[in-house]
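These notes concern the structure reproduced below.
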């Protein structure tokens, strides 16, 4: 009788173990998928940042006086906002 109980417990333990392994595999697969999507988005954002920096550099080279005016205006607005708080 004890061996029957032991076998039953072993079967239940095996089923639980197999279920846990499947759950871990599904979670790992989902995490990998999310990491791949985030990695692709990160690359897109870095490329976008590089394009913006290049565009800003070109604008400053082509219009240095306007760039100084924009920088001064932005600094003034920032100082007003920071003083307000």
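Here are a few things to note about the model shown:
Results for (1) loosely packed, with under 10 Cβ neighbours inside 10 Å; (2) under 28 Å from the mean Cα position of the chain (by Cα); (3) at pLDDT below 90, shown as yes or no for each residue.
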position	(1), (2), (3)
46	no, yes, yes
49	no, yes, yes
55	no, yes, no
63	no, no, no
66	no, no, no
75	no, no, no
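- Test for residue 80: is it surrounded by 10 or more Cβ atoms within 10 Å (Cβ to Cβ) and part of a helix (DSSP H, G or I): no
The values are calculated or read from the model by the stated rules, or taken from the named source; none is laboratory data. In this text, all values refer to a predicted model and were calculated from it rather than measured experimentally. So basically every Cβ, Gly included, is an ideal-geometry build from the backbone, and we count neighbours across all protein chains shown.
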